[in-house]
Amino acid sequence: MQIRVLPSNLIDQIAAGEVIERPASALKELIENSLDAEAKRIDIELLAGGTRLIRVSDDGRGIPGESLPLALARHATSKIQSLEDLERVATLGFRGEALPSMASVGRLKLSSRAQHAAGAWCIESNGGDVHAAKPAPHPPGTTVELRELFFNTPARRKFLRTERTEFVHCDAAVRHLALARFDVEWRLRHNEREVLELARATTREQQEARLSMVCGSEFLDHARYLEREIEGMKLRGWLAEPSYSRSQADMQYTFVNSRFVRDKLLRHAVRLGYEDVLFHGRHPAYVLYIELDPKRVDVNAHPAKLEIRFRDSRLVHDLVFRTVEATLATGLVSDTETAPRTPPARAPQAKQGSFRLDDRQRGHGVREAATLYERLHAQPIASSSDDEMPPLGYALAQLSGVYVLAQNRDGLIIVDMHAAHERVVYEQLKAALADSKLSMQPLLVPVPLRLSLAEADLLEQWETQLAELGISIRRRGPDEVQIDGMPLALQDGDAEVLLRDIVSDLAADEGPKRVGQAVDALLATMACHGALRANRRLTLDEMNALLRQMESTERSGQCNHGRPTWTQLTIADLDRLFLRGR
């Protein structure tokens, strides 16, 4: 077949296939145009899930009448003018393909009046057949109507889902953009019914009110606010507590320079921050915003601009991971000024830092904290005012040898004593291990390891970094290395299995993270064995000591396996249970 130039209408429909997948895709592009025009109010009208009508009206800058035909021309845009503009894209849209693509697969009408212009103009396109612009009544701003999407491409139209499904996608697109731009007023109608109305939100209180409407009030009830700025990058947002985890990753919102993105690097960083507190198989919920110089991010990596690339990916990953980890590690004490700030008792350390716990050591931390509790809280509970009461209150009793019951200013606290003490001991062990800097223990009998030539080369390249983690290796031949030393904390582990797993991680470009995971797993096992066991009777002093340790321990709300360690029943909850006041 001969090579020939495609007809312009076919080119437009091919471009539409890349940009416009369904009504929600068209809606997103139209709203982004309104935001780029500095709109402060956006009204959206949908019929039949957007398949019959998508109308987006804004109060933005508008388009001069003489520029309307260019707005429907391919690769025509006011958003970039040079290569330098492309390297630091500061707008949501910039390709100049969305409007002509929509016009080629639907019936489109564009009406606009530029700010301070004497009148408005409109232009129409019917499946790519563009009519001449003409005067029309319209307030300052722009309205785009897209009717009968894919009317001239039946193959594309038959792949559309039900009206309900298409509306769900449109609604999600609007909510994403509403979370991205708190400074804009939004209104969404579907089939002549009001669905969403959001006022501008300039203060944090107003933003959290919008967050509650978009994500649900329960999310906000379990969310912690975070904010951090480093090296020209700013991170802020809300993290849901691990107890609010979900079965699907359906409440994870990440925004970069006010652009909603689905970025693997950001999701991995957040997941890593939750790793030590999230129950197996569950997904965290969060809304996070990153602001940085547009030059430091490439938004031209995906036609729909949902995927991006960071130029300093390692720095961004570290900022998100460390901030999430630190926020979740915030204990009860740091949130409550009136709580006694008791440092956690150090775990007893065996000779040579082996951290072995035996029966005689297991209750040591509780007894030590009990002595401190007696010194700080010698007065009876009845004399303690609400202002003096610590977050987890004071112990009342022990239930079934498993749960500690306590009273705080809000009502009843129920603590799983094994899970809670397991977290306390785990954090103590991690702190002690950090002090030892992963000391290397020479092996009495070095372990030979046969590998492929490429694997042996890879380990040799990482020899210095592995030594810093307490792993000593030597190259013994083209396809053989020798393990001379292992981290002190892993001296009882299988050196050969660990090194083979590390080689797999290095080959997958994941780095030697297996060591850290192995250390954490070992410490978690040690903490589980060293924690208070079920059916052990505790005195009130020991129970109160455990509560005080929890208040000063990072991540004390979850055990090492992600299960909750305590819960609260407020007086109002108890009143509802017993039908008081009815």
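The values are calculated or read from the model by the stated rules, or taken from the named source; none is laboratory data. Since this is a predicted model, take the numbers as computed values, not measurements. Counting neighbours? That spans all protein chains shown, and the Cβs are built from the backbone with ideal geometry, glycine included.
Out of all the residues in segment 217-276, which are of a type in the set (Lys, Arg) and either assigned by TED's automatic domain parsing to the domain that holds SER34 or out of contact with any strand residue (DSSP E or B) (no Cβ under 7 Å at 6 or more places or on another chain) (or both)? I'd like the intermediate steps shown before the answer.
At the first step, the residues of segment 217-276 found to be of a type in the set (Lys, Arg) are 224, 228, 234, 236, 246, 259, 262, 264, 267, 271.
Answer for segment 217-276, where residues must be of a type in the set (Lys, Arg) and either assigned by TED's automatic domain parsing to the domain that holds SER34 or out of contact with any strand residue (DSSP E or B) (no Cβ under 7 Å at 6 or more places or on another chain) (or both): ARG259, ARG262, LYS264, ARG271.
Please verify whether ALA420 is under 32 Å from the mean Cα position of the chain (by Cα) and surrounded by fewer than 15 Cβ atoms within 10 Å (Cβ to Cβ), treating the condition exactly as stated.
On the way: under 32 Å from the mean Cα position of the chain (by Cα): yes; surrounded by fewer than 15 Cβ atoms within 10 Å (Cβ to Cβ): no.
For ALA420, the condition - under 32 Å from the mean Cα position of the chain (by Cα) and surrounded by fewer than 15 Cβ atoms within 10 Å (Cβ to Cβ) - is not met.
May I ask you to verify whether GLU208 is within 22 Å of THR327 (Cα to Cα) and not aromatic (Phe, Trp, Tyr)? Even if it seems obvious, please write down each step before you answer.
On the way: within 22 Å of THR327 (Cα to Cα): yes; not aromatic (Phe, Trp, Tyr): yes.
Yes.
Looking only at strands (runs of 3 or more DSSP E) that lie completely in segment 229-309, which have at least 1 residues being in contact (Cβ under 8 Å) with a residue 40 or more places away in the chain and of a type in the set (Asp, Glu)?
Details: elements: 233-240, 252-256, 259-261, 286-291.
The qualifying strands (runs of 3 or more DSSP E) are 286-291.
Does LEU449 satisfy the condition of being surrounded by 15 or more Cβ atoms within 10 Å (Cβ to Cβ), in contact with a strand residue (DSSP E or B) (Cβ under 8 Å, 6 or more places away or on another chain) and of a type in the set (A, V, I, L, M, F, W, C)?
Details: surrounded by 15 or more Cβ atoms within 10 Å (Cβ to Cβ): yes; in contact with a strand residue (DSSP E or B) (Cβ under 8 Å, 6 or more places away or on another chain): yes; of a type in the set (A, V, I, L, M, F, W, C): yes.
Yes.
When you go through LEU579, LEU574, LEU523 one by one, which is the residue that is on the phi > 0 side of the Ramachandran plot and among the aliphatic types (A, V, I, L, M)? Spell out the reasoning first.
Numbers: LEU574 fails: on the phi > 0 side of the Ramachandran plot; LEU523 fails: on the phi > 0 side of the Ramachandran plot.
That would be LEU579, the only listed residue that is on the phi > 0 side of the Ramachandran plot and among the aliphatic types (A, V, I, L, M).
So in segment 164-186, with the set limited to residues that are β-branched (Val, Ile, Thr) and surrounded by fewer than 19 Cβ atoms within 10 Å (Cβ to Cβ), which one is nearest to ASP58 (Cα to Cα)?
Kept after step one, since they are β-branched (Val, Ile, Thr), are these residues of segment 164-186: 165, 168, 174, 184.
Add one more test, that the residue is surrounded by fewer than 19 Cβ atoms within 10 Å (Cβ to Cβ), and what stays is 165, 168.
Working: THR165: 26, VAL168: 22 Å.
Only one residue tops the list, namely VAL168.
Is it fair to say GLU325 is free of Cβ contacts under 8 Å to residues at least 24 places away in the same chain and either closer than 30 Å to ASN560 by Cβ or assigned by TED's automatic domain parsing to the domain that holds GLU551 (or both)?
Values: free of Cβ contacts under 8 Å to residues at least 24 places away in the same chain: no; either closer than 30 Å to ASN560 by Cβ or assigned by TED's automatic domain parsing to the domain that holds GLU551 (or both): yes.
Judged against the criteria, GLU325 is not a match.
With surrounded by 24 or more Cβ atoms within 10 Å (Cβ to Cβ), in a helix (DSSP H, G or I) and not polar (S, T, N, Q) as the only criterion, which of ILE63, ILE31 stands out? Working first, answer last.
On the way: ILE63 fails: in a helix (DSSP H, G or I).
So the residue among ILE63, ILE31 that is surrounded by 24 or more Cβ atoms within 10 Å (Cβ to Cβ), in a helix (DSSP H, G or I) and not polar (S, T, N, Q) is ILE31.
For segment 405-418, does any single residue satisfy the condition of being among the hydrophobic types (A, V, I, L, M, F, W, C), farther than 30 Å from PRO487 by Cα and without any contact (Cβ under 8 Å) to a residue 60 or more places away in the chain? Working first, answer last.
The initial filter retains those residues of segment 405-418 that are among the hydrophobic types (A, V, I, L, M, F, W, C), namely 405-406, 412-415, 417.
Subset that is farther than 30 Å from PRO487 by Cα: 405-406, 412-415, 417.
Right, trim to without any contact (Cβ under 8 Å) to a residue 60 or more places away in the chain and you get 405.
Among the residues of segment 405-418, at least one is among the hydrophobic types (A, V, I, L, M, F, W, C), farther than 30 Å from PRO487 by Cα and without any contact (Cβ under 8 Å) to a residue 60 or more places away in the chain, which makes the answer yes.
Inside segment 489-499, can you point out the residues that are modelled with pLDDT of 75 or more, of a type outside the set (Gly, Ala, Ser) and surrounded by 15 or more Cβ atoms within 10 Å (Cβ to Cβ)? Talk me through it step by step, then tell me what you get.
Let us first name the residues in segment 489-499 that are modelled with pLDDT of 75 or more, namely 494-499.
Now drop any that are not of a type outside the set (Gly, Ala, Ser), which leaves 494, 496-499.
LEU498, LEU499, listed by residue number.
Looking at segment 514-531, is at least one residue touching a His at 6+ places or on another chain (Cβ under 6 Å) and at pLDDT 70 or above? Lay out the reasoning, then the answer.
Going through segment 514-531, the residues touching a His at 6+ places or on another chain (Cβ under 6 Å) turn out to be 531.
From what's left, at pLDDT 70 or above: 531.
Within segment 514-531 (the criterion being touching a His at 6+ places or on another chain (Cβ under 6 Å) and at pLDDT 70 or above), the answer is yes, since at least one residue qualifies.
Is it the case that segment 88-95 has a residue that's of a type in the set (Val, Ile, Thr), buried (at least 19 other Cβ atoms within 10 Å of the Cβ) and at pLDDT 90 or above?
no
Hey, can you tell me all the residues within segment 563-582 that are crowded, with 19+ Cβ neighbours inside 10 Å and not in a strand (DSSP E or B)? Spell out the reasoning first.
Here is the first cut: in segment 563-582, the ones crowded, with 19+ Cβ neighbours inside 10 Å are 565-566.
If the condition is that a residue be crowded, with 19+ Cβ neighbours inside 10 Å and not in a strand (DSSP E or B), then THR565 is the only one that fits.
PHE310 - would you say it is modelled with pLDDT of 90 or more, of a type in the set (A, V, I, L, M, F, W, C) and closer than 23 Å to ARG175 by Cα?
Working: modelled with pLDDT of 90 or more: yes; of a type in the set (A, V, I, L, M, F, W, C): yes; closer than 23 Å to ARG175 by Cα: no.
Judged against the criteria, PHE310 is not a match.
Of all the residues that make up segment 100-129, how many are touching a strand residue (DSSP E or B) at 6+ places or on another chain (Cβ under 7 Å) and either hydrophobic (A, V, I, L, M, F, W, C) or not assigned by TED's automatic domain parsing to the domain that holds LEU30 (or both)?
Number satisfying all stated conditions: 8.
Is it the case, given these coordinates, that ASN152 is touching a Gly at 6+ places or on another chain (Cβ under 6 Å) and closer than 30 Å to LEU10 by Cβ? First the steps, then the outcome.
On the way: touching a Gly at 6+ places or on another chain (Cβ under 6 Å): yes; closer than 30 Å to LEU10 by Cβ: yes.
Yes, satisfied.
From the list ARG224, ARG189, ARG161, which residue is surrounded by fewer than 17 Cβ atoms within 10 Å (Cβ to Cβ), under 24 Å from the mean Cα position of the chain (by Cα) and not in a helix (DSSP H, G or I)? Working first, answer last.
Working: ARG189 fails: under 24 Å from the mean Cα position of the chain (by Cα); ARG161 fails: under 24 Å from the mean Cα position of the chain (by Cα).
Being surrounded by fewer than 17 Cβ atoms within 10 Å (Cβ to Cβ), under 24 Å from the mean Cα position of the chain (by Cα) and not in a helix (DSSP H, G or I) holds for just one of ARG224, ARG189, ARG161, which is ARG224.
For segment 8-28, enumerate the residues that are part of a helix (DSSP H, G or I), crowded, with 18+ Cβ neighbours inside 10 Å and modelled with pLDDT under 90.
Initially, segment 8-28 is screened for residues part of a helix (DSSP H, G or I), giving 8-19, 23-28.
Add one more test, that the residue is crowded, with 18+ Cβ neighbours inside 10 Å, and what stays is 12-13, 15-16, 19, 23-28.
ASP12, GLN13, ALA15, ALA16, VAL19 - these are the residues of segment 8-28 that are part of a helix (DSSP H, G or I), crowded, with 18+ Cβ neighbours inside 10 Å and modelled with pLDDT under 90.
So, of the residues in segment 192-213 that are aliphatic (A, V, I, L, M) and more than 24 Å from LEU53 (Cβ to Cβ), which turns out to be surrounded by the most Cβ atoms within 10 Å (Cβ to Cβ)?
Among them, the one singled out is LEU211.
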